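Notes follow once the structure below has been shown.
The values are calculated or read from the model by the stated rules, or taken from the named source; none is laboratory data. In this text the structure is predicted, and so the values were computed from the model without any measurement. Here the Cβ is made from the backbone with ideal geometry for all residues, glycine too, and neighbour counts use every protein chain on show.
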């Protein structure tokens, strides 16, 4: 499917990289979050349940890899990587609610509201969204990228014109046919916005020059969109067991998806084209964006 | 009920003050928020529906008055006052949901989910919480109170140990008897935390010295707690019409309230004591906290 993507160099050990970055992110999240026993314990247990439910930490890994590509350190990027992961997790908890996608399983485990009830699930999402800004505020700022800038970046990506707006557009598209432009509007917001934000914040943590920030934006946008197109394809072609969540749900709910609008083959071509665009965006980094390249290749080959 | 509170000086025209401050806050909120027509329009309409549903803007007024007391300007305090109001509004939207308090009316109007449906109401709340941080990031920072500090202040007041934590504890207290300590824990978080945050942020916007910030904290804490105790009392003693929301709901839902734990008379004494404490906290400001004093007096005399 993605013959046009650059094959990872044999020297780069992606599983080891992902393991190390996830360990760093998990340790930082554990430090930033109140203990599970902290009052009110139900809330903190619910926040930790979804945050530590086996997520692959792909957004944080992209954030750390972007920092590396710009000559920065994981340490400086970690609070921002964790902030993005908290926002991602909150959005999943709320999306899974009966009033939205009504999903019982996520990553092979019962969803937050199935375990804790709807009220607590809504509040656990609210608290994760809130603590994300606390984490971002704890990051190091630079004259070019002061806290004001970091917070605006995160708030815009998570806000009504991006992440939340995408979820609303997605809800509203259910059960009716949508155009490709509409579908792209939804996917750019539901998936690309936060992924793009993750790599941009990684660059900002490394005090990157504006040209690198622009390259990261293009990379993040293309990877995010490709990722979502592939997600749509997998929902059609894989089983629930393979996915770790209910397969075919998009079709059942008459969700707006690429295969539904374009057909399977054209969707695969779209994914391949976006993938090429993502790799092309990394050219200005020359050799220094190996981790980003290999991560993108991994993200966009999930059907293999 | 509150004989111990200082009577407002005849020279201070509170209705005019409230009208001017609400007008300034409404204009600023209207500027900060995406147009109702901005895509996705349903979401922005839902956000504006609750934000402009006739709230009295008491928290923003307290924020502006605190800035004044510290020699600052409304202009500098406005982004923070608006941020607090967005967080207050989001918390009402989510609290009214069927999974929480299940309220059909708020301020005499149908609640957000009754008009827009539960999914949109949850997302409108999420977007209001998110945009609050954007507003706070747009405020002016000072070396003593940089954006990092402002964001942490807001995130802590809104987070799992304060506002959201209070709502969880409140949910968990339903239908069983609670101690006075537990009830205080809930009220401090559900009401005091954000009110205290509003006056503290007002002080910070005026670059106040630490002693003034401490005085504002004590004032905000006492006013917030007194306000909630009086709210509990009014739910028992007033009609739905007078309240603009369903009366007696606390009792019906077996909610933890001061009258339920202490009885009506002892609750009234507790409110009076907290009120005295609030006014005492303003002593260090000498004559410069008139607006705060009169506002507190107004807030704590709602039964007259």
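Quick look at the values:
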{"read-out": "Which listed residue, of A:71, A:117, A:108, is at pLDDT below 95 and either within 13 Å of chain B (Cβ to nearest Cβ) or out of contact with any helix residue (DSSP H, G or I) (no Cβ under 7 Å at 6 or more places or on another chain) (or both)", "value": "A:108"}
{"read-out": "Options B:46, B:36: the member that is surrounded by fewer than 19 Cβ atoms within 10 Å (Cβ to Cβ), within 14 Å of chain A (Cβ to nearest Cβ) and closer than 16 Å to residue A:159 by Cα", "value": "B:36"}
{"read-out": "Given (1) within 13 Å of residue B:206 (Cα to Cα); (2) touching a strand residue (DSSP E or B) at 6+ places or on another chain (Cβ under 8 Å), number of the condition residue B:92 does not satisfy", "value": "(1)"}
{"read-out": "Of all residues in the stretch A:150-175 being within 8 Å of chain B (Cβ to nearest Cβ) and surrounded by fewer than 21 Cβ atoms within 10 Å (Cβ to Cβ), the one that is nearest to residue A:220 (Cα to Cα)", "value": "A:156"}
{"read-out": "Residue list for the stretch A:125-140, filter: buried (at least 20 other Cβ atoms within 10 Å of the Cβ) and either facing chain B (nearest Cβ under 8 Å) or in contact with a strand residue (DSSP E or B) (Cβ under 9 Å, 6 or more places away or on another chain) (or both)", "value": "A:125, A:126, A:127, A:129, A:130, A:131, A:133, A:134, A:136, A:137"}
{"read-out": "Selection status of residue B:221, under 25 Å from residue A:134 (Cβ atoms), at the interface with chain A (Cβ under 9 Å from one of its Cβ atoms) and modelled with pLDDT of 95 or more", "value": "no"}
{"read-out": "Residue under evaluation residue A:58, criteria (1) more than 10 Å from chain B (Cβ to nearest Cβ); (2) within 18 Å of the chain's Cα centre (by Cα); (3) surrounded by 22 or more Cβ atoms within 10 Å (Cβ to Cβ), criterion not met", "value": "(3)"}
